Amino acid sequence: MPSETLWEIAKAEVEKRGINGSEGDGAEIGEKSVFFIGSKNGGKTTIILRCLDRDEPPKPTLALEYTYGRRAKGHNTPKDIAHFWELGGGTSLLDLISVPITSDTLRTFSLVLVLDLSKPNDLWPTMENLLQATKSHVDKMIMKLGKTNPKAASEMRQKIWNNMQKDHPDRELIDPFPVPLVIIGSKYDIFQDFESEKRKVICKTLRFVAHYYGASLMFTSKSEALLLKIRGVINQLAFGIDKSKSICVDQNKPLFITAGLDSFSQIGSPPVPENDIGKLHAHSPMELWKKVYEKLFPPKSINTLKNIKDPARDPQYAESEVDEMRIQKDQELEQYKRSSSKSWKQIELDS
(Lines give C-alpha, C1' and ligand atoms only; values in the text may rest on other atoms or scores of the structure.)
Protein backbone atom coordinates (compact mmCIF):
# COMPACT_ATOMS: atom_id res chain seq x y z
CA MET A 1 0.00 0.00 0.00
CA PRO A 2 1.21 3.54 -0.78
CA SER A 3 2.42 5.54 2.21
CA GLU A 4 0.32 8.43 3.45
CA THR A 5 1.12 11.89 2.16
CA LEU A 6 1.88 14.83 4.46
CA TRP A 7 -1.53 16.32 3.58
CA GLU A 8 -3.34 13.10 4.59
CA ILE A 9 -1.42 12.90 7.87
CA ALA A 10 -2.15 16.56 8.65
CA LYS A 11 -5.83 16.17 7.78
CA ALA A 12 -6.18 13.07 9.97
CA GLU A 13 -4.41 14.83 12.85
CA VAL A 14 -6.67 17.89 12.61
CA GLU A 15 -9.81 15.75 12.47
CA LYS A 16 -8.60 13.73 15.46
CA ARG A 17 -7.89 16.86 17.48
CA GLY A 18 -11.19 18.38 16.42
CA ILE A 19 -13.12 15.39 17.75
CA ASN A 20 -11.20 15.28 21.03
CA GLY A 21 -11.51 19.00 21.66
CA SER A 22 -14.99 19.78 20.35
CA GLU A 23 -16.74 18.90 23.60
CA GLY A 24 -14.63 21.20 25.76
CA ASP A 25 -15.27 24.69 26.96
CA GLY A 26 -12.93 26.41 24.51
CA ALA A 27 -9.77 25.85 26.56
CA GLU A 28 -6.35 25.61 24.92
CA ILE A 29 -5.68 22.16 23.48
CA GLY A 30 -1.91 22.34 22.96
CA GLU A 31 -2.02 23.07 19.26
CA LYS A 32 -2.49 26.23 17.23
CA SER A 33 -2.73 27.31 13.60
CA VAL A 34 -0.98 30.32 12.07
CA PHE A 35 -2.02 31.44 8.58
CA PHE A 36 0.38 33.60 6.53
CA ILE A 37 -1.10 35.74 3.79
CA GLY A 38 0.19 38.84 2.03
CA SER A 39 2.13 40.34 -0.85
CA LYS A 40 3.47 38.07 -3.54
CA ASN A 41 7.21 37.54 -3.01
CA GLY A 42 6.85 39.52 0.21
CA GLY A 43 8.94 37.17 2.37
CA LYS A 44 6.31 34.96 4.04
CA THR A 45 8.26 31.74 3.45
CA THR A 46 11.48 33.27 4.79
CA ILE A 47 9.75 34.25 8.03
CA ILE A 48 8.23 30.78 8.48
CA LEU A 49 11.57 29.03 7.87
CA ARG A 50 13.29 31.35 10.34
CA CYS A 51 10.66 30.63 12.99
CA LEU A 52 11.16 26.89 12.50
CA ASP A 53 15.00 27.14 12.53
CA ARG A 54 15.19 25.69 9.03
CA ASP A 55 18.34 26.72 7.20
CA GLU A 56 17.19 26.30 3.62
CA PRO A 57 16.57 28.66 0.70
CA PRO A 58 12.89 29.69 0.36
CA LYS A 59 11.01 28.43 -2.68
CA PRO A 60 8.11 30.22 -4.42
CA THR A 61 4.73 29.32 -2.93
CA LEU A 62 2.50 28.16 -5.78
CA ALA A 63 -0.85 28.03 -4.03
CA LEU A 64 -1.39 26.90 -0.44
CA GLU A 65 1.41 25.25 1.51
CA TYR A 66 1.47 23.57 4.90
CA THR A 67 4.16 22.75 7.42
CA TYR A 68 4.29 22.34 11.17
CA GLY A 69 6.51 22.82 14.17
CA ARG A 70 6.74 21.29 17.65
CA ARG A 71 7.88 22.73 20.95
CA ALA A 72 7.97 21.24 24.45
CA LYS A 73 6.82 23.42 27.35
CA GLY A 74 9.14 21.64 29.73
CA HIS A 75 11.18 18.51 30.39
CA ASN A 76 9.31 15.26 29.75
CA THR A 77 6.14 17.07 28.66
CA PRO A 78 4.17 16.52 25.44
CA LYS A 79 5.19 18.85 22.63
CA ASP A 80 2.77 21.50 21.47
CA ILE A 81 2.02 21.53 17.76
CA ALA A 82 1.85 24.61 15.53
CA HIS A 83 0.32 24.34 12.06
CA PHE A 84 1.75 26.86 9.59
CA TRP A 85 -0.25 27.62 6.48
CA GLU A 86 0.92 29.94 3.70
CA LEU A 87 -1.18 31.38 0.88
CA GLY A 88 0.78 32.16 -2.28
CA GLY A 89 -0.08 34.40 -5.20
CA GLY A 90 -0.90 37.59 -3.31
CA THR A 91 -4.61 38.28 -3.85
CA SER A 92 -5.18 35.90 -6.76
CA LEU A 93 -6.09 32.76 -4.77
CA LEU A 94 -8.61 34.06 -2.24
CA ASP A 95 -10.81 30.96 -2.58
CA LEU A 96 -8.14 28.90 -0.82
CA ILE A 97 -8.59 30.89 2.39
CA SER A 98 -11.39 28.53 3.35
CA VAL A 99 -9.05 25.50 3.51
CA PRO A 100 -7.17 26.23 6.78
CA ILE A 101 -9.95 28.26 8.42
CA THR A 102 -12.68 25.94 9.69
CA SER A 103 -15.06 25.98 12.63
CA ASP A 104 -12.81 23.35 14.28
CA THR A 105 -9.59 25.44 14.05
CA LEU A 106 -11.06 28.88 14.83
CA ARG A 107 -10.44 28.93 18.57
CA THR A 108 -6.68 28.45 18.18
CA PHE A 109 -6.23 30.34 14.91
CA SER A 110 -4.07 33.40 14.18
CA LEU A 111 -3.46 35.46 11.05
CA VAL A 112 -0.20 37.02 9.86
CA LEU A 113 -0.43 39.57 7.05
CA VAL A 114 2.94 40.25 5.36
CA LEU A 115 3.07 43.44 3.28
CA ASP A 116 5.93 44.37 0.95
CA LEU A 117 7.02 47.87 2.02
CA SER A 118 9.12 48.25 -1.13
CA LYS A 119 5.93 48.30 -3.27
CA PRO A 120 3.74 50.97 -1.63
CA ASN A 121 1.38 51.24 -4.62
CA ASP A 122 0.34 47.60 -4.18
CA LEU A 123 0.19 47.77 -0.39
CA TRP A 124 -3.35 49.03 0.23
CA PRO A 125 -5.22 46.87 -2.34
CA THR A 126 -3.30 43.78 -1.17
CA MET A 127 -4.08 44.50 2.46
CA GLU A 128 -7.72 45.40 1.83
CA ASN A 129 -8.57 42.43 -0.39
CA LEU A 130 -6.90 39.84 1.84
CA LEU A 131 -8.29 41.17 5.12
CA GLN A 132 -11.82 41.54 3.75
CA ALA A 133 -11.85 38.04 2.28
CA THR A 134 -10.40 36.48 5.44
CA LYS A 135 -12.71 38.38 7.79
CA SER A 136 -15.75 37.41 5.75
CA HIS A 137 -14.88 33.72 5.93
CA VAL A 138 -13.97 33.85 9.63
CA ASP A 139 -17.31 35.51 10.42
CA LYS A 140 -19.09 32.68 8.60
CA MET A 141 -17.16 30.06 10.55
CA ILE A 142 -17.96 31.78 13.86
CA MET A 143 -21.66 31.68 12.95
CA LYS A 144 -21.33 28.00 12.07
CA LEU A 145 -19.52 27.33 15.36
CA GLY A 146 -22.27 29.19 17.22
CA LYS A 147 -24.86 26.70 15.98
CA THR A 148 -23.03 23.71 17.49
CA ASN A 149 -21.13 25.33 20.37
CA PRO A 150 -22.66 28.71 21.33
CA LYS A 151 -20.40 29.04 24.37
CA ALA A 152 -17.23 28.68 22.30
CA ALA A 153 -18.45 31.24 19.75
CA SER A 154 -19.31 33.68 22.53
CA GLU A 155 -15.88 33.22 24.10
CA MET A 156 -14.26 33.95 20.74
CA ARG A 157 -16.14 37.24 20.38
CA GLN A 158 -15.11 38.27 23.87
CA LYS A 159 -11.50 37.14 23.43
CA ILE A 160 -10.84 39.57 20.59
CA TRP A 161 -11.05 42.42 23.10
CA ASN A 162 -8.36 40.97 25.37
CA ASN A 163 -5.58 43.09 23.85
CA MET A 164 -7.45 46.33 24.54
CA GLN A 165 -7.52 47.67 28.08
CA LYS A 166 -11.00 48.38 29.40
CA ASP A 167 -10.10 52.03 30.03
CA HIS A 168 -8.38 52.55 26.66
CA PRO A 169 -9.69 55.81 25.12
CA ASP A 170 -10.19 54.15 21.70
CA ARG A 171 -12.18 51.15 22.92
CA GLU A 172 -15.40 52.44 21.33
CA LEU A 173 -13.69 53.47 18.10
CA ILE A 174 -12.02 50.26 16.96
CA ASP A 175 -13.33 47.08 15.34
CA PRO A 176 -11.03 44.19 16.39
CA PHE A 177 -10.34 41.51 13.82
CA PRO A 178 -12.21 38.29 14.77
CA VAL A 179 -8.95 36.33 15.23
CA PRO A 180 -5.53 37.49 16.49
CA LEU A 181 -3.86 39.50 13.71
CA VAL A 182 -0.24 40.52 13.18
CA ILE A 183 0.73 42.86 10.34
CA ILE A 184 4.36 42.63 9.20
CA GLY A 185 5.96 45.15 6.86
CA SER A 186 8.78 43.34 5.04
CA LYS A 187 11.82 44.61 3.12
CA TYR A 188 12.47 47.43 5.55
CA ASP A 189 16.03 47.68 4.19
CA ILE A 190 14.57 49.09 0.95
CA PHE A 191 11.83 51.08 2.65
CA GLN A 192 14.27 52.99 4.88
CA ASP A 193 15.73 54.69 1.79
CA PHE A 194 12.36 56.19 0.79
CA GLU A 195 11.77 59.93 1.09
CA SER A 196 10.79 61.04 4.58
CA GLU A 197 7.27 62.10 3.57
CA LYS A 198 6.54 58.76 1.90
CA ARG A 199 7.75 56.84 4.93
CA LYS A 200 5.57 59.03 7.15
CA VAL A 201 2.42 58.30 5.13
CA ILE A 202 3.07 54.55 5.03
CA CYS A 203 3.92 54.32 8.75
CA LYS A 204 0.94 56.35 9.93
CA THR A 205 -1.45 54.50 7.61
CA LEU A 206 -0.33 51.06 8.75
CA ARG A 207 -0.45 52.18 12.38
CA PHE A 208 -4.05 53.32 11.90
CA VAL A 209 -5.11 50.09 10.19
CA ALA A 210 -3.37 47.89 12.77
CA HIS A 211 -4.82 49.81 15.73
CA TYR A 212 -8.31 49.86 14.21
CA TYR A 213 -8.23 46.05 13.86
CA GLY A 214 -6.62 45.50 17.28
CA ALA A 215 -3.54 44.06 15.58
CA SER A 216 0.18 44.12 16.24
CA LEU A 217 2.41 45.91 13.72
CA MET A 218 6.11 45.45 13.05
CA PHE A 219 8.67 45.94 10.29
CA THR A 220 11.37 43.47 9.31
CA SER A 221 14.09 42.78 6.76
CA LYS A 222 16.93 40.29 6.32
CA SER A 223 18.51 41.73 9.47
CA GLU A 224 19.07 38.96 12.00
CA ALA A 225 18.05 41.24 14.88
CA LEU A 226 14.70 42.11 13.25
CA LEU A 227 14.03 38.50 12.27
CA LEU A 228 14.61 37.42 15.87
CA LYS A 229 11.99 39.92 17.06
CA ILE A 230 9.53 38.65 14.46
CA ARG A 231 10.30 35.09 15.47
CA GLY A 232 9.37 35.96 19.05
CA VAL A 233 6.01 37.34 17.94
CA ILE A 234 5.22 34.30 15.78
CA ASN A 235 6.23 31.95 18.60
CA GLN A 236 3.74 33.75 20.83
CA LEU A 237 0.99 33.01 18.30
CA ALA A 238 2.11 29.44 17.66
CA PHE A 239 3.16 28.25 21.11
CA GLY A 240 1.84 30.79 23.59
CA ILE A 241 5.27 32.21 24.46
CA ASP A 242 5.06 35.38 26.59
CA LYS A 243 4.02 38.42 24.57
CA SER A 244 6.48 41.28 24.11
CA LYS A 245 5.54 44.65 25.57
CA SER A 246 8.14 46.69 23.68
CA ILE A 247 7.10 49.51 21.38
CA CYS A 248 8.74 51.68 18.71
CA VAL A 249 6.66 54.26 16.82
CA ASP A 250 9.56 56.26 15.34
CA GLN A 251 9.13 56.37 11.56
CA ASN A 252 12.93 56.56 11.21
CA LYS A 253 13.25 53.12 12.82
CA PRO A 254 11.55 49.76 12.24
CA LEU A 255 8.08 49.98 13.78
CA PHE A 256 7.27 47.49 16.54
CA ILE A 257 3.90 47.97 18.20
CA THR A 258 2.19 45.23 20.18
CA ALA A 259 -1.61 45.14 19.87
CA GLY A 260 -3.35 47.52 22.25
CA LEU A 261 -0.34 49.75 22.93
CA ASP A 262 -1.02 52.38 20.24
CA SER A 263 -3.74 55.06 20.16
CA PHE A 264 -5.41 57.28 17.57
CA SER A 265 -4.21 60.38 19.44
CA GLN A 266 -0.58 59.26 19.05
CA ILE A 267 -1.09 58.32 15.40
CA GLY A 268 -2.68 61.67 14.58
CA SER A 269 -4.83 62.68 11.62
CA PRO A 270 -4.25 61.51 8.05
CA PRO A 271 -1.10 63.15 6.61
CA VAL A 272 -2.76 65.56 4.20
CA PRO A 273 -3.17 69.37 4.24
CA GLU A 274 -6.27 70.46 6.20
CA ASN A 275 -7.59 72.26 3.11
CA ASP A 276 -7.59 68.99 1.18
CA ILE A 277 -9.30 66.84 3.84
CA GLY A 278 -12.63 68.59 3.21
CA LYS A 279 -12.40 67.66 -0.47
CA LEU A 280 -12.11 63.95 0.32
CA HIS A 281 -15.60 62.46 0.62
CA ALA A 282 -15.45 59.43 2.90
CA HIS A 283 -18.10 57.50 4.85
CA SER A 284 -15.71 56.16 7.52
CA PRO A 285 -12.25 56.85 8.98
CA MET A 286 -10.90 53.78 7.18
CA GLU A 287 -12.16 55.10 3.84
CA LEU A 288 -10.63 58.50 4.57
CA TRP A 289 -7.22 56.99 5.26
CA LYS A 290 -7.53 54.93 2.08
CA LYS A 291 -8.21 58.02 -0.02
CA VAL A 292 -5.29 59.89 1.55
CA TYR A 293 -2.94 56.93 1.04
CA GLU A 294 -3.98 56.29 -2.56
CA LYS A 295 -3.58 59.97 -3.39
CA LEU A 296 0.17 59.56 -2.86
CA PHE A 297 0.37 55.90 -3.88
CA PRO A 298 -2.29 55.25 -6.56
CA PRO A 299 -2.87 51.51 -6.97
CA LYS A 300 -1.65 49.90 -10.15
CA SER A 301 -4.38 48.30 -12.25
CA ILE A 302 -2.69 44.95 -12.71
CA ASN A 303 -4.52 41.68 -13.14
CA THR A 304 -2.83 39.60 -10.46
CA LEU A 305 -4.04 36.42 -12.08
CA LYS A 306 -1.73 37.06 -15.02
CA ASN A 307 1.24 37.13 -12.70
CA ILE A 308 0.71 33.57 -11.52
CA LYS A 309 2.81 31.11 -13.46
CA ASP A 310 1.20 27.86 -14.53
CA PRO A 311 3.05 25.20 -12.47
CA ALA A 312 2.29 22.68 -15.22
CA ARG A 313 4.61 24.67 -17.51
CA ASP A 314 7.30 25.42 -14.94
CA PRO A 315 10.66 23.87 -16.03
CA GLN A 316 11.54 22.84 -12.47
CA TYR A 317 8.59 20.42 -12.48
CA ALA A 318 9.33 18.94 -15.91
CA GLU A 319 8.32 15.31 -16.50
CA SER A 320 8.96 14.17 -20.08
CA GLU A 321 6.22 11.51 -20.28
CA VAL A 322 3.65 13.68 -18.55
CA ASP A 323 4.57 16.73 -20.62
CA GLU A 324 4.27 14.76 -23.88
CA MET A 325 0.83 13.53 -22.86
CA ARG A 326 -0.12 17.09 -21.86
CA ILE A 327 0.88 18.38 -25.32
CA GLN A 328 -1.12 15.61 -26.97
CA LYS A 329 -4.21 16.41 -24.88
CA ASP A 330 -3.84 20.13 -25.62
CA GLN A 331 -3.76 19.38 -29.33
CA GLU A 332 -6.82 17.14 -29.03
CA LEU A 333 -8.63 19.90 -27.15
CA GLU A 334 -7.82 22.50 -29.81
CA GLN A 335 -8.99 20.09 -32.53
CA TYR A 336 -12.21 19.49 -30.63
CA LYS A 337 -12.79 23.24 -30.28
CA ARG A 338 -12.29 23.76 -34.03
CA SER A 339 -14.58 20.89 -34.98
CA SER A 340 -17.22 22.06 -32.49
CA SER A 341 -17.04 25.58 -33.89
CA LYS A 342 -17.55 24.29 -37.46
CA SER A 343 -20.49 22.16 -36.33
CA TRP A 344 -22.24 25.11 -34.71
CA LYS A 345 -21.67 27.27 -37.80
CA GLN A 346 -23.14 24.53 -39.99
CA ILE A 347 -26.18 24.32 -37.71
CA GLU A 348 -26.68 28.08 -37.95
CA LEU A 349 -26.45 27.93 -41.78
CA ASP A 350 -28.92 25.05 -41.97
CA SER A 351 -31.41 26.85 -39.75
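The values are calculated or read from the model by the stated rules, or taken from the named source; none is laboratory data. The structure presented is a predicted model; accordingly, all values stated were derived computationally and were not measured. Don't worry about glycine lacking a Cβ; one is built from the backbone with ideal geometry, like all the others, and counts go over all protein chains shown. Ligands, DNA and RNA are stripped out before the accessible areas are found, and what is left, the full protein with its side chains, is counted by its heavy atoms. Shrake-Rupley method; radii C 1.70, N 1.55, O 1.52, S 1.80 Å.
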Only one residue in Thr45, Thr61 is touching a strand residue (DSSP E or B) at 6+ places or on another chain (Cβ under 7 Å), buried (at least 17 other Cβ atoms within 10 Å of the Cβ) and at pLDDT 90 or above. Which one?
-> Thr45
Just to be sure, is Ala238 touching a residue at least 60 places away in the same chain (Cβ under 8 Å), in contact with a strand residue (DSSP E or B) (Cβ under 6 Å, 6 or more places away or on another chain) and in a loop (DSSP other than H, G, I, E, B)?
-> no
Inside region 234-247, the number of residues satisfying the requirement of being surrounded by fewer than 22 Cβ atoms within 10 Å (Cβ to Cβ) and either under 21 Å from Gln192 (Cβ atoms) or within 17 Å of the chain's Cα centre (by Cα) (or both) is 4
Has region 200-213 got at least one residue that is among the charged types (D, E, K, R), outside any helix (DSSP H, G or I), crowded, with 17+ Cβ neighbours inside 10 Å and touching a residue at least 40 places away in the same chain (Cβ under 8 Å)?
-> no
Please go through region 35-68 and pick out each residue that is charged (D, E, K, R) and part of a helix (DSSP H, G or I).
-> Lys44, Arg50
Top-ranked residue of region 279-308 - restricted to ones that are of a type in the set (Lys, Arg) and surrounded by fewer than 11 Cβ atoms within 10 Å (Cβ to Cβ), ranked as modelled with the lowest pLDDT = Lys306
Can you pull out the residues in region 145-162 that are touching a residue at least 40 places away in the same chain (Cβ under 8 Å) and touching a Leu at 6+ places or on another chain (Cβ under 9 Å)?
-> Leu145, Ala152, Met156
Qualifying positions in region 83-133 - aliphatic (A, V, I, L, M), assigned to a helix (DSSP H, G or I) and within 27 Å of Pro150 (Cα to Cα) = Leu96, Ile97, Leu106, Leu131, Ala133
Boolean, Lys345 is under 33 Å from the mean Cα position of the chain (by Cα) and at pLDDT below 90 | no
Filter region 142-176 down to residues that are within 27 Å of Phe208 (Cβ to Cβ) and open to solvent by less than 30 Å² (accessible area, probe 1.4 Å) and give me whichever is farthest from the chain's Cα centre (by Cα).
-> His168
Qualifying residue in region 180-196 (condition: open to solvent by less than 60 Å² (accessible area, probe 1.4 Å), more than 22 Å from Pro270 (Cβ to Cβ) and without any contact (Cβ under 8 Å) to a residue 60 or more places away in the chain) = no
Can you find a residue in region 215-223 that is surrounded by fewer than 16 Cβ atoms within 10 Å (Cβ to Cβ) and either out of contact with any strand residue (DSSP E or B) (no Cβ under 6 Å at 6 or more places or on another chain) or not hydroxyl-bearing (Ser, Thr, Tyr) (or both)?
-> yes
